[in-house]
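Worksheet: the structure to be examined is printed underneath.
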Number of protein chains: 2
Amino acid sequence: VKYLPQELILIKRSGKALTHDQIQEFLEAYLSGLVEEYQMSAFLMAVFFRGFSAEELTQWTQTMVSTGERLGICTTTCIDKHSTGGVGDKTSFLIAPIAAVCGCQVPMLSGRALGHTGGTLDKLEAIPGVRIPDSVEGIEKLVEKHGFCFGGTTRSMAPLDKKLYALRDVTGTIESTDLIASSIMSKKLAENLKGLVMDIKVGDGAFMKTPEQARNLLEKIQMIAKSNRIRLKGVISDMSQPLGHYLGLRPEIYEVLMAFQNKAESRLMELSLELASKMLLVAGLEQDESAAKVKVESALMSGRAYQKFCEVIEAQGGDISTFENPEFYLSSKHHFEILSPRSGYISRISTEKLGYVFSALGAGRKNISDTIIPQVGAKVSKKIGDSVVAGEPLLTGFLAEIPSQILQSQLAGCFEIGDVKVSAPELVIERF
Amino acid sequence: VKYLPQELILIKRSGKALTHDQIQEFLEAYLSGLVEEYQMSAFLMAVFFRGFSAEELTQWTQTMVSTGERLGICTTTCIDKHSTGGVGDKTSFLIAPIAAVCGCQVPMLSGRALGHTGGTLDKLEAIPGVRIPDSVEGIEKLVEKHGFCFGGTTRSMAPLDKKLYALRDVTGTIESTDLIASSIMSKKLAENLKGLVMDIKVGDGAFMKTPEQARNLLEKIQMIAKSNRIRLKGVISDMSQPLGHYLGLRPEIYEVLMAFQNKAESRLMELSLELASKMLLVAGLEQDESAAKVKVESALMSGRAYQKFCEVIEAQGGDISTFENPEFYLSSKHHFEILSPRSGYISRISTEKLGYVFSALGAGRKNISDTIIPQVGAKVSKKIGDSVVAGEPLLTGFLAEIPSQILQSQLAGCFEIGDVKVSAPELVIERF
């Protein structure tokens, strides 16, 4: 090696920037085991405090991509959507088939549930029989044949991201905007995209608690997208309450089926259609936002998107006959209601806490190796600004067992009720 | 474990203080392998950026001591001197026997040469036959019988310090004042001292480059000493040029022998006597600085200190017949002179660089596993403020081989010569 790892750590610790070569050599040596985990963790902590320059961030991300395999779909309309994660977000299930119907190639590669947030891949597996393609070839074949697929980043794609994330998770170095941005973008660049639609969530149920944090992350993502000539559009959207009414694996599939019938919560529909419209723009299929909107609405309302959805689920082994009776996705051992202790208006929902409680009840995972109970989840009946009468249900839990008194009072405590009606938070905080 | 390591890392990362219990549990778990090296290195980097509170620093240091063995010398006059390291510092060889002759118990536990700095243990081993006691009992026996010994911290004393230092060395986390102070003091507290004399070096050849850095370190050391009821005195002293005229293992022993005859450089003599006087004060043997000075001067001038030195060297297996012919310690294969390119006055000596060049020539080590050539070293003839005539030697190297042209010009470049006489830097910058 040309540089000692500790020399590179000292450069970063002092706030100076590493060169192109230094970053590449350092990351490659880490992947091959020449740089030790304890050296990388000290480096990552220095990055937390000092940050990356635009050039460092670009090079760091590019090396994460170049050391792994990339998808070989090279059409100009190969695009994807990515959300930074929240509670009740099931837009991917709607957006991918809509965009595919409109002419995009969408390798919708998603992640797993962790902590208080849900994961698209887990929700997908709540559909009986579904298989997730585990190779680059498998993903390419599905996308080429059907226009999209539901997959995950394979072992061979961005392997550094997996190694770095596992280390960050146990060394208190998750919350670096640079490392978050490079982690997201390394997986997206490995998809060989021409365009990307980002949904940066902000609020209590998101990782970014303030619009300022969300804008910082956006800025970093824009840097990486620009230097890789990826067309980028998207929104900073509200996550101060769950998106839609349902959370949990099967309950969210139920809500997806309702959304294909245009019977879901208006906020969920609105965000899905806005993000889908932006997909057509970054794919270069439409130049104009309102024309794109007309196209995606027609794809949904005509039933073509639902047809495409069923086609791909079936191609991935899923039993689409279960869709004929959506109530199948709401069957759990116990239904349990949390009733409002008073009359008034919902003023606040502790969304992160709600996510953690349902994760503890079996709808999510604390550690990546935990198993999830697909039936567990909830219908959140009341949202911010809604009026509520004493004794009315705030939330219906779909549970494997009756929750303890402690969990019940934690759930009740997630809803703040005031005397004055507050307006619902703006769904879209910023468009880019 | 009560706390996940990453939770404690996050507390430190946010700048908050860990509790007594959290620090103790974290360090004990690290020593036993339950906290991983990659978690500790991330924590240490967070400490570099956030620092420790006074309580954290005390608890961190005390846990480093309590997890190891301590010396069992419990007299009220059991004291030690510690220097933060520099080039040409051989005061320990004079101070320990002087203090012992005056009634102190001195377990003079020193370190090894590393980087540009020398190490007392290596210089000691340049005396043929010398053995370093490798157990607590061995050290205790020597100190009880002779009043002092030359030893090192054994494997059983402050084992966490060794583990932490090795990790800091390869993760860019050496330069934290808190970690430096706790490392020094953990070894001193393991000696079970009642008093400590500190020589904090400042200048180009020291680790602390500015008086401000030296004062920061002093403040941390004072905190730890106070909470452990250790009497502390000392100086911040100049290391902008080598101390004395000689550097290298055997050449420095030569200078020690000269000093016992009061024939060494006045700055070396002055600093040694001042530090030795302070030993009597922290031991409680004298209340008054001038009375202490009289006593230590008499110990040196009367030859009693030299006699004591010979007694201990012999007890540690050293061949003191070599002292009869001090020139033995200046015999090397090649003597090589660096001549002054011009007439004028020495205005600056790049002491750190000088240390590194001689380390590369064999007088020191880059890595802790390197071996040192005891004959290699130098006589620095000219010091800051001295006049020099063109062609006069600035430095005589005692070498195993003729240095390359590059090293020769690097050595010549260590001396800056100007037209105007500058005064020698103050030897003692601050007394405490």
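Throughout, read-outs are computed from the coordinates displayed, never taken from laboratory work. Every value quoted in this text rests on a predicted model; they were computed, and no experiment measured them. In this analysis, Cβ positions are derived from the backbone assuming ideal geometry, glycine residues included, and neighbour counts consider all displayed protein chains.
Can you tell me how region B:82-164 classifies by the Cα gyration tensor, rounded, prolate or oblate, using a/c under 1.5 as the rounded cut? Since a/c reaches 1.5 but b/c is at least a/b, the shape of region B:82-164 is classed as oblate. Relative to the longest principal Cα axis of chain B, at what angle does helix B:177-189 sit, 0 to 90 degrees, rounded to 10? Helix B:177-189 sits at roughly 90 degrees to that axis. Pick out which of B:A390, B:A126, B:A17 has the largest mean-square fluctuation in a Gaussian network model of chain B, springs linking Cα atoms closer than 10 Å. Looking only at B:A390, B:A126, B:A17, the biggest GNM fluctuation is shown by B:A390. Helix B:37-50 versus the longest principal axis of chain B: what is the Cα-based angle in degrees, 0 to 90, to the nearest 10? The helix B:37-50 is inclined about 80 degrees to chain B. For region B:403-408, backbone phi angles converted through the Karplus equation (6.51, -1.76, 1.60; θ = phi - 60°) give residue-by-residue couplings of x, 5, 4, 4, 5, 4 Hz, Gly and Pro being listed as x. Amide H contacts for A:I417 (H built 1.01 Å from N in the peptide plane; partners 5 or more residues away or on another chain; cut-off under 5 Å): A:S347. Within the listed set B:A276, B:A100, B:A225, the Gaussian network model of chain B (springs between alpha-carbon atoms below 10 Å) gives the highest mean-square fluctuation for B:A225.
Between B:V136, B:F415, A:N262, the Cα set farthest toward the positive side of the dipole of the protein assembly as shown (charges on each charged residue's Cβ, about the Cα centre) is that of B:F415. Only one residue of A:S41, A:L10, A:T153 has its Cα farthest out toward the positive end of the dipole of chain A, where Lys and Arg carry +1 and Asp and Glu -1 on Cβ, and that residue is A:L10.
Helical content alone sets the calculated 222 nm signal of chain B at -13500 deg cm²/dmol, taking -39,500 (n - 2.57) per DSSP H segment of four or more residues and averaging over every residue.
What is the sum of charges around A:T67, taking Lys and Arg as +1, Asp and Glu as -1, for the other residues whose C-beta is under 14 Å from the C-beta of A:T67? If you can, show how the numbers build up before the last one.
Details: positive: A:R70, A:R155, A:K162, A:K163, A:K187; negative: A:E25, A:E28, A:E69, A:D161.
Once all neighbours under 14 Å are counted, the net charge is +1.
For the pairs A:K233/A:K293; B:K90/B:K383; A:K12/B:K383; B:K145/B:K188, flag any whose C-alpha to C-alpha distance is greater than 26 Å. Mind showing how you got there, number by number?
On the way: A:K233/A:K293 15 Å; B:K90/B:K383 17 Å; A:K12/B:K383 37 Å; B:K145/B:K188 21 Å.
Correct reply: A:K12/B:K383.
What is the helix-to-structure angle for A:249-260, meaning the angle in degrees between its Cα long axis and the longest Cα principal axis of chain A, kept from 0 to 90 and rounded to the nearest 10? Relative to chain A, helix A:249-260 is tipped by roughly 80 degrees.
For B:R70, the label point sits 7 Å beyond Cα toward Cβ; its separations from the matching points on the remaining copies run 6.2 nm, from shortest to longest.
Within a 10 angstrom radius of each residue's Cβ in A:42-51, how many Cβ atoms of other chains show up on average? Whole number is fine.
Values: counts 16, 5, 4, 14, 8, 1, 5, 6, 1, 0.
If you average over the peptide's residues, the count of other-chain Cβ atoms is 6.
Close amide H contacts of B:S237 (hydrogens built in the peptide plane, cut-off under 5 Å, sequence separation of 5 or more or a different chain): B:I200, B:K201, B:V202, B:I429. Label points for A:Y165 are taken 7 Å from Cα along Cα→Cβ. From this copy to the others they lie 4.1 nm apart, shortest first.
Considering only beta bridges that DSSP places wholly inside the protein assembly as shown, some 55 percent are antiparallel.
If you average 1/r over every pair of different alpha-carbon atoms in region B:208-351 and take one over that average, what Kirkwood value in Å do you get? If you can, show how the numbers build up before the last one.
Numbers: mean 1/r = 0.0546 Å⁻¹.
After inverting the pairwise mean of 1/r, the radius is 18.3 Å.
Using only side-chain charges placed at the Cβ, +1 for Lys and Arg and -1 for Asp and Glu, the dipole size of the protein assembly as shown relative to its Cα centre rounds to 500 debye.
Net charge near A:V296, counting Lys/Arg +1 and Asp/Glu -1 over other residues with Cβ under 13 Å of its Cβ?
Working: positive: A:K81, A:K278, A:K293, A:K295, A:R304, A:K308; negative: A:E270, A:E274, A:E286, A:D288, A:E289, A:E297.
Here the charged neighbours net out to 0.
Partners of B:K209 within straight-line reach, counting aspartates and glutamates whose Cα lies under 13 Å from its Cα and excluding those fewer than 8 residues away in the same chain: B:E175, B:D238, B:E352. Projecting the Cα atoms of B:P211, B:L354, B:S340 onto the charge dipole of chain B (Cβ charges, centred on the Cα centre) puts B:P211 farthest toward the positive pole. Listed values for region B:163-170 are Karplus-derived 3J(HN,Hα) couplings in whole Hz (6.51 cos²θ - 1.76 cosθ + 1.60, θ = phi - 60°), namely 5, 5, 5, 4, 6, 4, 4, 10, and x replaces Gly and Pro. Simple point charges give the picture: +1 on the Cβ of Lys and Arg, -1 on the Cβ of Asp and Glu, and for region B:82-203 a dipole about the Cα centre of about 100 debye. Annotation for region B:136-204 versus region A:216-281: alpha-carbon center distance of 58 Å. Give the long-range amide H neighbours of B:C78: residues separated by 5 or more places, or on another chain, with amide H under 5 Å away, using H modelled in the peptide plane at 1.01 Å from N. Amide H to amide H, under 5 Å and 5 or more residues apart or across chains, B:C78 pairs with B:Q105, B:K194.
Considering only B:I174, B:I127, B:I406, the mean-square fluctuation computed in a Gaussian network model of chain B, springs between alpha carbons under 10 angstrom, is largest for B:I406. The distance separating the Cα centre of region B:15-64 from that of region B:340-415 comes to 41 Å. Residue by residue, region B:279-295 carries 3J(HN,Hα) couplings of 4, 5, 5, 6, 7, x, 7, 9, 9, 10, 4, 6, 5, 4, 5, 4, 5 Hz when phi is fed to the Karplus relation 6.51 cos²θ - 1.76 cosθ + 1.60 (θ = phi - 60°); x denotes Gly or Pro. The Cβ shell under 9 Å around A:K383 holds other residues with a net charge of 0, Lys and Arg each +1, Asp and Glu each -1. Under a model in which nothing but the beta-carbon of Lys, Arg (+1) and Asp, Glu (-1) is charged, chain A shows a dipole of about 340 debye around its Cα centre. Rounded to the nearest 5, the antiparallel percentage of DSSP beta bridges internal to chain B is 55%. Starting from the label point of A:S369 at 7 Å along Cα→Cβ, the same points in the other copies fall at 3.3 nm, in ascending order.
Average partner chain C-beta neighbours within 10 Å, per residue of A:7-13? All intermediate terms of the calculation are to be shown ahead of the outcome.
Working: counts 1, 1, 6, 5, 1, 2, 7.
Taking the mean over all residues of the peptide, I get 3.
For region A:337-431, the set of GluC sites (Glu not before Pro) satisfying both a DSSP loop assignment and a count of at most 16 other C-beta atoms within 10 Å is given as A:E401, A:E426.
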